[in-house]
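The values are calculated or read from the model by the stated rules, or taken from the named source; none is laboratory data. Because the structure is predicted, anything quoted here is derived from the model rather than measured. Reconstructed Cβ throughout: ideal geometry from the backbone, glycine too, with neighbour counts over all protein chains shown.
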């Protein structure tokens, strides 16, 4: 098996370690032949992903809500106040501090940014950004189109259950 040197890390690897960009189909597509190993390619993609996480999340959130509401994304931003910078700031704040409904911290949920969603609090009213809450996917799915008063009653029942059942059980079986 022929050996090639990676242009990024300088390591020498079997030619198979370059198959993604060094295939005839890739070269034929006008991309040229590169000598970057798979590990360097993956590392570059991972770095790109982490730098673009929040802007991508907000853009996708606006796009999905616009499609669901049957309006253009620009309309959400201009008419209804879905300001990109504000949304990104508030989403990051919510991610650090927890779901607007249940209070669970997103960092402890285990699915990264997939856990944080934007809920239109009162679905029968216009989708002004002031009518939205950053919440976990579980609460958003549970709430769905539940009216705010009924949703508040459900949340109060869950909170009472936690105080009466869950917390005493945790104390009872705590090892510390």
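Let's see how each residue does on (1) in a helix (DSSP H, G or I); (2) at negative phi; (3) loosely packed, with under 13 Cβ neighbours inside 10 Å:
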{"position": "85", "(1), (2), (3)": "yes, yes, yes"}
{"position": "99", "(1), (2), (3)": "no, yes, no"}
{"position": "102", "(1), (2), (3)": "no, yes, no"}
{"position": "113", "(1), (2), (3)": "yes, yes, no"}
{"position": "127", "(1), (2), (3)": "no, yes, no"}
{"position": "135", "(1), (2), (3)": "no, yes, no"}
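Testing residue 48 on (1) within 30 Å of residue 10 (Cα to Cα); (2) touching a residue at least 12 places away in the same chain (Cβ under 8 Å); (3) under 16 Å from the mean Cα position of the chain (by Cα), one condition comes back false. Which one is that?
Condition (2) is where residue 48 drops out.
I need every pair where a residue in segment 144-160 that is under 17 Å from residue 132 (Cα atoms) has its Cβ under 7 Å from the Cβ of a residue that is assigned to a helix (DSSP H, G or I), sequence separation at least 6 or different chains.
151/143
Going through segment 87-118 one residue at a time, which ones are more than 14 Å from the chain's Cα centre (by Cα) and under 17 Å from residue 148 (Cβ atoms)?
If the condition is that a residue be more than 14 Å from the chain's Cα centre (by Cα) and under 17 Å from residue 148 (Cβ atoms), then 100, 101, 102 are the ones that fit.
So residue 93 fits all but one of (1) touching a helix residue (DSSP H, G or I) at 6+ places or on another chain (Cβ under 9 Å); (2) closer than 22 Å to residue 49 by Cα; (3) loosely packed, with under 14 Cβ neighbours inside 10 Å; what number is the exception?
(1)
List the number of the failed condition for residue 80; all other conditions in (1) loosely packed, with under 14 Cβ neighbours inside 10 Å; (2) modelled with pLDDT of 95 or more hold.
Residue 80 satisfies all of (1) loosely packed, with under 14 Cβ neighbours inside 10 Å; (2) modelled with pLDDT of 95 or more except (1).
Among the residues of segment 7-43 satisfying the criterion of being modelled with pLDDT of 85 or more and part of a helix (DSSP H, G or I), which is surrounded by the most Cβ atoms within 10 Å (Cβ to Cβ)?
Among those that are modelled with pLDDT of 85 or more and part of a helix (DSSP H, G or I), it is 40.
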